[in-house]
Amino acid sequence: MKSKSDIFSDTAIAHGFFGRNGGASSGLYSSLNCSKFVNDDASSVAENLKTVQHKLDAEKLITLNQVHGNRCIVADKDTESNIQADAIATDISGIAIGILTADCGPVLLADEENHVIGAAHAGWRGAMRGVIQSTVDTMLKLGAKTGKIKAAVGPCICKESYEIGDDFKREFKGSGSCFALVGSKLHFDLPKYCKEILLSAGILQENVDVLYVDTYAHPDDYFSYRFANQHTNGVCGRQISAICLK
């Protein structure tokens, strides 16, 4: 499975879309669960986060208490993890910023020239509520330029696996272009929706990369909340997607 985007320069940016393997957690959390909020053993989660930090060669790794909102915080060397928000941006080298997902869309962004990065947790609710636009706006305040921002949408539930009901369509406010019939069932294209929002925020087409890796279709490689609810008892870890200025 692809764990990086080719859109970011290896000389300026360290990043990764980490899957569920290669960590210390056990059972249904096996093994690189990076969430402190799913009742996994705290020491295992701490070890997993340290593993990711080391892989990115970062001085610090900051994660959030995500609530499907649109708040984006600015991180510096004194920022601690677990702030309630769904996106994070920084212009400080050595700080890795991470987003936790289990079907939602992880969006990593970087303006390498102006030394600003961002990360957004974009499920359909958060995306609809403006979390991607909020992240871009926060990056611009830190000195990024819209035409220079590159963005990658990582592993998430994809159209083929994302069957929805009429209640979803009633609640959803946005373009109908992301709805599609798969067989006779209505489905939603989350990565396409994230890309559309990035483009509407002014990010250039050539600066947007979508990995199109389906978390639901690959439960051995990724945590999937929908798969866990349909095929186990609903217990599900969270994988991390993180980015750091070198």
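Mind listing just one residue for me: the one in region 131-168 that is among the hydroxyl-bearing types (Ser, Thr, Tyr) and touching a Phe, Trp or Tyr at 6+ places or on another chain (Cβ under 6 Å) and, of those, nearest to Asp214 (Cα to Cα)?
Ser161
I'd like to check which strands (runs of 3 or more DSSP E) are fully inside region 137-246 and have at least 3 residues that are modelled with pLDDT of 95 or more and closer than 21 Å to Asp10 by Cα.
Because the criterion is at least 3 residues that are modelled with pLDDT of 95 or more and closer than 21 Å to Asp10 by Cα, the strands (runs of 3 or more DSSP E) in region 137-246 that meet it are 150-153, 208-210, 239-245.
Does Asp78 satisfy the criteria of being surrounded by fewer than 18 Cβ atoms within 10 Å (Cβ to Cβ) and either in a strand (DSSP E or B) or touching a residue at least 40 places away in the same chain (Cβ under 8 Å) (or both)?
Here the answer is no, as Asp78 does not meet what is asked.
Is it fair to say Gly16 is more than 16 Å from Tyr225 (Cβ to Cβ) and touching a Lys or Arg at 6+ places or on another chain (Cβ under 7 Å)?
Criteria met by Gly16.
Just one of (1) within 14 Å of Cys244 (Cα to Cα); (2) of a type outside the set (A, V, I, L, M); (3) assigned to a loop (DSSP other than H, G, I, E, B); (4) touching a Lys or Arg at 6+ places or on another chain (Cβ under 7 Å) trips up Ser5, so point out which.
(4)
Looking only at residues that are out of contact with any Asp or Glu (no Cβ under 6 Å at 6 or more places or on another chain) and closer than 15 Å to Leu100 by Cα in region 1-22, which one is surrounded by the fewest Cβ atoms within 10 Å (Cβ to Cβ)?
Of everything passing the filter in region 1-22, Asn21 is surrounded by the fewest Cβ atoms within 10 Å (Cβ to Cβ).
The values are calculated or read from the model by the stated rules, or taken from the named source; none is laboratory data. Small disclaimer: the values here were computed from a predicted structure and weren't measured. We place every Cβ from the backbone using ideal geometry, glycine too, and count neighbours over all the protein chains shown.
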